[in-house]
Each structure stands twice: as structure tokens, then as C-alpha cells.
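Down below is the structure, laid out as C-alpha cells.
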């Protein structure tokens, strides 16, 4: 099934892209997909600063199971204000 | 010697005036003059709410001795803001 | 700037004067006239000041706040005369490098103004009758 | 109003929207760009947001603050893109019947925004080089 992945801030630079649509196995957890993405993007794998994530515009647990058309976002620790 | 007395807020209404120049004996304290003024102005003598005072635009102690041309102010508890 | 004035307060001017290249935070307090004084309805307030003394006392409070909290800029405007509902009677703007100090200093200043500055107010009721709030 | 925008923030509009006939206090916080990031000099900041999520998170924070402190009106503007020194990156305005609640709610909101809202910033150094602040 397909999901959308969005990248922000320095994570966007590390990933070398702003967004992509990727194919993931049914039943995949957020954490497993982040692991998969890191395996394909060395910039993200080598990243030293923390990596945060959100699913469909909400913070979530890494164990959360993905659904078709979900929007997964990866980004640095926030620094608004 | 002469001093100026100014009245503000409801104290002005109680005193029936905004200001006056009065003659006071040398060596008079602030408290004694306030007592004298109250003796002459029944509106002030009958006042139930607190009466505050300042000398030359500063809060002061009632024991403070007055000098020629001093400005004594009588007013209610402040309610700025 | 520290001003006591009959004209409506100019917030834009107040805040511009508070900006500082070393400030990361500006906190501004406005005291606004609400349509209740306790449980009683009012249409406006009338403020009176002992102006020379009030300016001195506000200056002292501002100096204390700068000293105590190490803030950068502090500006205070207080209105006198008739102030209608939703209008500002007082406005205080404070800038500082970091936000905690600006919040603390701004709250300290309005608390002190309410306690120490010789300004008094009259509640104006819907019928037009005005009564000192002592 | 809750807005994330590239245009400079309009404080006048923000504060007007916060006025309320039952409010005795308005507290406004502005986050302003200062010329230092730690000890390093900067000429501007560049902000980026995950806009849809940021708006949702700010709305949640505003709802929490209204609930927690019983304040009347809350309005928030956050700027993205390039923000120069002395300009506002964020502005929050809160009204309440009495001042304590407005101060508390305003501070709660900016603390929460800094902690939870998906917005990031880049320091732009005098030479023009820009570096994410992670």
C-alpha cells in the first residue's frame, strides 16, 4: 500500500527531498517504516540530532500501524516561537 | 508659614475644593495639619473610607515636619490601572 | 516613555518604542474597561490623577523592575478622563532577551501601579451617575 | 484567529480581535528576532512549518489554555519565511476578566508552542550562510 512521507527542517536536507510516496507492506508500524527509510537514505541514517515523527498531523507512538494513504512526517525537534 | 494643600478623588468632593493655600505654625507635623484641616471641613472629618497623604509628591510619614511652600496632598486609596 | 494622557493610548507607538535588537521577547499588558464593576454594570470609567506624583511613582516602579529583572526597554502609558468599555486605561510594554523576565517585569509593574500610583477612578452607570471607587 | 503567514504580523489587528467587553486585561506576547543566537551574531532567521499540523497543534494549545485559565479571547499569529532582527516571529494575545489569568494563559501558550508546534528555524549569519537550529 502507498503512504506519503514528508520531511521538514534539517531532516529534509538529510533526506534530500521534501516528500515522496512510498510502497509499504500492509501491517507495517511507523517505527519499522522509519527504519526502512533510514536504510535507504544514508543522510538520515547518519543523522546525529534527534528525529521526530507524526502520523496524519498528530504525534503518535512508533508502534502505530500504518494504513493506506497515511501521511507520515519526519522532522527535527521543534523550535517554533 | 504657607503650604499648599491639594485634594484628589472622593477626598476632593469631601473637602469641597481642589486645592488651597493655608497658613500653618512653624514646626507642624503632617498629621497635626491633617487633623486641623479635618476640624475645619466636616466632609473630611465624617469620611469613612481611608485618607492617604503625600508630601511634595512622595508618600511620607505622618510625623514629618512641614516647611514653607510644601505641597501636601490628601487622597483616597489609589486605584490606578 | 512614561506618559499620562487624555488621548486614547497608541499601542503601535508603545510597542515600537519597546523593540530592541537584543530582545527576544516583548510582553505588553493593557488594562481595559470592562462592562462590570463587581456585579454592577458600567458604561465607562473616569480616571483622575495627581499627575506629577503619578509620573514620579511610575518612574520609580520602572527603575525597580529594570533592576530586579534585567529587562531592556519599559514603556508605560496611562489614560485619564473618560475611558469607554473595551478601551485601554493603561498599557505597559517590556522587552527582554528571554521571555520569563519580560512576563515577570510586566506583571510586577502593573501590580505596583495598582498599589502605589495616585490615580483614582469613577464608575459611570448606565443612567449617567458617576461614583468614585474608593 | 490562528494564522501561520509569510507577511509581517499585524499587532493592531491581533489586539483588536482580542478585545472583549467583559475583559479587564489583555496580555500580548511577541517573540522577536534578536541579533544573537547564543553567542553567535545573526542577521535574520528563516522559519519553516509543517503548516496543517502546526495549525492543529496551536488550536489544541489554545483550547487547553481557555479551559485551564478561563480566559475570554485568544489569538495567535506565527510568521514563516525570513524574519529580520526586531521583527516578530510569533504574537499571542489573550484577554480575561482579571489580569492574573491572562498572564498565566499567555505564558502557557508560548511555552507550549515552543515545545510542541512543528516549526523550525535557521540562523542566517552576517555572511549569508544559513544553518538549522536543531
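Ordering D:82, C:32 from the fewest to the most neighbouring beta carbons within 10 Å gives D:82, C:32. Annotation for residue A:50, label-to-label distances across the other copies: 5.0 nm (shortest first, one decimal, point 7 Å from Cα along Cα→Cβ). Specify the inter-centroid distance of the stretch C:56-134 and the stretch B:1-74, based on alpha-carbon positions, in whole Å. Using only Cα atoms, the two centres lie 27 Å from each other.
Can you give the calculated 222 nm mean residue ellipticity of chain D, where each DSSP H run of n ≥ 4 adds -39,500 (n - 2.57) and the sum is split over every residue, rounded to the nearest 500 deg cm²/dmol? Working shown, then result.
On the way: 3 runs with 45 residues, N = 134.
For chain D, the value works out to -11000 deg cm²/dmol.
Residue by residue along C:57-64, Cβ atoms of other protein chains within 10 Å of the local Cβ number 1 on average. As a rough footprinting exposure proxy, the listed residues A:60, C:106 were ranked by other beta carbons within 10 Å of their own, and the order from fewest upward is A:60, C:106. Approximating the spin labels as points 7 Å out from Cα along Cα→Cβ, the residue A:46-to-residue C:116 distance works out to 6.0 nm. Estimated from helices alone, the mean residue ellipticity of chain B at 222 nm is -7000 deg cm²/dmol (sum of -39500 (n - 2.57) over DSSP H runs with n ≥ 4, per residue).
One quarter of the convex hull surface, Cα atoms only: what value does that give for the stretch D:2-127 in nm²? Walk me through the numbers before you get to the answer.
Working: hull surface 30.3 nm².
Quarter of the Cα hull surface area: 7.6 nm².
When chain A is turned onto chain B, the axis of that turn runs closest to one Cβ of chain A, and that residue with its distance in whole Å is A:81, 14.
Given Cα pairs under 8 Å that are at least 6 residues apart, what percent is the relative contact order of chain B?
43 percent
Cβ-Cβ distance of residue C:100 and residue C:21, R₀ of 25 Å, FRET efficiency by 1/(1 + (r/R0)^6): the value works out to about 0.80. Helix C:51-69 and the long axis of chain C differ in direction by around 40°, with both axes built from C-alpha atoms. Among chain D residues, the one whose Cβ is nearest the axis of the rotation from D to C, given with its distance rounded to whole Å, is D:28, 2.
Residues in the stretch B:51-81, backbone N under 20 Å from the label point at residue B:17 (7 Å along the Cα-to-beta-carbon vector): list them, ranges by number please. Only B:51-57, B:66-76 fall inside the zone, counting backbone N under 20 Å.
Residue-normalised convex hull volume from the C-alpha trace of chain B: 86 Å³ per residue. Can you tell me the 0 to 90 degree angle between the C-alpha axis of helix A:30-40 and the longest principal axis of chain A, rounded to 10? The angle comes out at about 60 degrees. In nanometres and ascending order, the distances from the residue B:2 label point to those of the other copies are 9.5 (point 7 Å from Cα along Cα→Cβ).
Counting alpha carbon pairs within less than 8 Å and at least 6 residues apart, what relative contact order, in whole percent, applies to chain D?
37 percent
Residue by residue along B:48-57, Cβ atoms of other protein chains within 10 Å of the local Cβ number 2 on average.
Here is how far apart the residue B:19 label points are across copies: 7.0 nm, shortest first, using a point 7 Å from Cα toward Cβ. Here C:6, D:64, C:73 are placed in order of increasing Cβ neighbour count within 10 Å, fewest first, which gives C:6, D:64, C:73.
The mean number of partner chain beta-carbon atoms within 10 angstrom of a residue's beta-carbon across peptide C:9-22 is 3.
Give me the angle, in degrees from 0 to 90, between the Cα long axis of helix C:99-116 and the longest principal axis of the Cα atoms of chain C, rounded to the nearest 10. Taking the Cα atoms of chain C, the angle to C:99-116 is about 40 degrees.
When Rg and the Kirkwood radius Rh are both evaluated on Cα atoms of the protein assembly as shown, their ratio Rg/Rh stands at 1.14. Just the number, please: percent antiparallel of the DSSP beta bridges in the protein assembly as shown, rounded to the nearest 5. About 85 percent, rounded to the nearest 5.
Read-outs: derived from the displayed coordinates by stated rules, not from any lab. Quick caveat, the model's predicted, so the values are computed rather than measured. Backbone-built Cβ (ideal geometry, glycine too); neighbour counts: all protein chains shown.
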